[in-house]
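One structure is given below, encoded as C-alpha cells.
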Amino acid sequence: MPAVAIPPLTTEAVLHRLSTEDYHKMAEAGLFTPESPRVELLNGQLITMSPVGNRHMACVNRLNRSLGRRLDAQADLQVSIQNPIRLNDYSEPEPDVVLMALVDYVPAPHEVHLVVEVSDSTLRYDQQIKRRHYAAAGIVEYWLVDLEGRAVWVYTDPAGDDYRQHQTFGDGEALPLRALPNAPALPVTDVLPPAEA
C-alpha cells in the first residue's frame, strides 16, 4: 500500500487547548507515569520540563533553606518547591520555588507572593515566555535566577503581560523580600551555588 501524503497544517486547523480540568483528568486517568517526562501546562499546551541538574538542585535547596529561615516572623506564609500554581483555566506551571499563603491546595495568583524560576538551559524561555504569563496572571513578584550569568533578575509591579519594574542583583548584593518586610534581605551568595557545584 503506498504511503498517504498528508498535507501540512493550514491556517484553518486549530490546535486543541487543554484546560486545567482536562489536565487533571489526564493525570487521574494515569496518563502521566513516573517514567513519563515531567510536563507542565502553559497556555493550554503541555510543556516538557528540563531535567534538574546538580547546580539547579543546589540553588533550589538554598532558596528553600534561606526563605524558610526567614518565615519564622510571618507564620501565614510557606515555601512550596516545584509544585503547581494555577494562573488561569489554561495554565498550571510548576515553578521551582513559590512563597505562598498557608493553603493546602493549588494556589491562585492572589495567594502567591513570589515565584522563582532557576534557569540554566531554560533562561530564554523563563525570561521571555514564563515571565509574561506570570505578569498577565498578576503574580506580584518574579525572580529569575540566572545560573550561568550568576545573577538574579527581579521583576515587580505587573501590568498587562509584563512587569513595570526590573532590577538585576549579583554577587555581593542582597535581595529585598517584599513579602517579608521584617526579614533581612537575602544575599545573592546564599542563593547561587558555588561556581564549581
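The values are calculated or read from the model by the stated rules, or taken from the named source; none is laboratory data. Here the structure is a predicted model, which means the values were calculated and not measured. Using ideal geometry, Cβ is built from the backbone for each residue, glycine included, and neighbour counts are taken over all protein chains shown. Accessible surface areas use protein heavy atoms only, side chains included; no ligands, DNA or RNA. Shrake-Rupley method; radii C 1.70, N 1.55, O 1.52, S 1.80 Å.
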In debye to the nearest 20, the charge dipole size for the range 114-165, taken about the Cα centre with +1 at each Lys and Arg Cβ and -1 at each Asp and Glu Cβ, equals 80
To the nearest 20 debye, the range 22-136 has a Cα-centred charge dipole, built from +1 on Lys and Arg Cβ and -1 on Asp and Glu Cβ, of 500
The distance between the Cα centres of the range 22-38 and the range 169-195, in whole Å, is 36
Two pseudo-spin positions, 7 Å from Cα along C-beta at MET26 and at MET49, lie apart in nanometres by 1.4
Expected vector for the range 131-148, Karplus 3J(HN,Hα) from phi with 6.51, -1.76, 1.60 and θ = phi - 60°, integer Hz, x for Gly and Pro, equals 3, 5, 5, 5, 5, 4, 7, x, 5, 6, 8, 10, 10, 10, 8, 9, 5, 5
Phi angles of the range 154-160, converted by Karplus (6.51 cos²θ - 1.76 cosθ + 1.60, θ = phi - 60°) into ³J(HN,Hα) in whole Hz with x for Gly and Pro, give 10, 10, 9, 6, x, 8, x
So, with points 7 Å from each Cα along the Cβ direction, the HIS110-SER19 label distance in nm works out to 2.1
Over the chain, the sum of -39500 (n - 2.57) across DSSP H runs of at least four, divided by residue number and rounded to 500 deg cm²/dmol, gives at 222 nm -5500 deg cm²/dmol
Sorted by chain and then number, the residues having a modelled amide H within less than 5 Å of the amide H of VAL39, at least 5 places away or on another chain, are MET49
Diffusion coefficient in µm²/s returned for the range 82-127 by Stokes-Einstein, Kirkwood Rh over C-alpha pairs, 4 °C and 1.567 mPa s, is 115
Taking the dipole of the chain about the Cα centre (Lys, Arg +1; Asp, Glu -1; charges at Cβ), the one of LEU175, MET49, SER80 that reaches farthest to the positive side is LEU175
accessible surface per residue for the chain, probe 1.4 Å, DNA/RNA/ligands not counted, whole Å² -> 55
Whole-percent carbon and sulfur contribution to the accessible surface of the chain (1.4 Å, no ligands, DNA or RNA) stands at 53
Per the charge dipole of the chain (beta-carbon charges, Lys/Arg positive, Asp/Glu negative, Cα centre), the residue among VAL106, LEU67, GLY160 reaching farthest to the positive end is LEU67
Taking TYR90, TYR142 and ranking on accessible area (1.4 Å, protein atoms only), highest first, one gets TYR90, TYR142
If amide H atoms are modeled at 1.01 Å from N in the peptide plane, then the residues at a separation of 5 or more from ALA174, or on another chain, having amide H under 5 Å from its own are VAL188
ARG178 and ASN64 label points (each 7 Å along its Cα→Cβ direction) are spaced in nm at 2.6
In order over the range 98-109: 3J(HN,Hα) from phi, Karplus 6.51/-1.76/1.60, θ = phi - 60°, whole Hz, x for each Gly or Pro, gives 9, 9, 9, 4, 7, 10, 10, 8, 5, x, 8, x
log10 I(q)/I(0) for the chain, Debye formula on C-alpha points only (no solvent), q = 0.10 Å⁻¹, two decimals, reads -0.45
Once ASN88 and SER121 are pulled to full extension, the length gained, defined as 0.36 nm per residue separation minus their Cα-Cα distance, is 9.3 nm
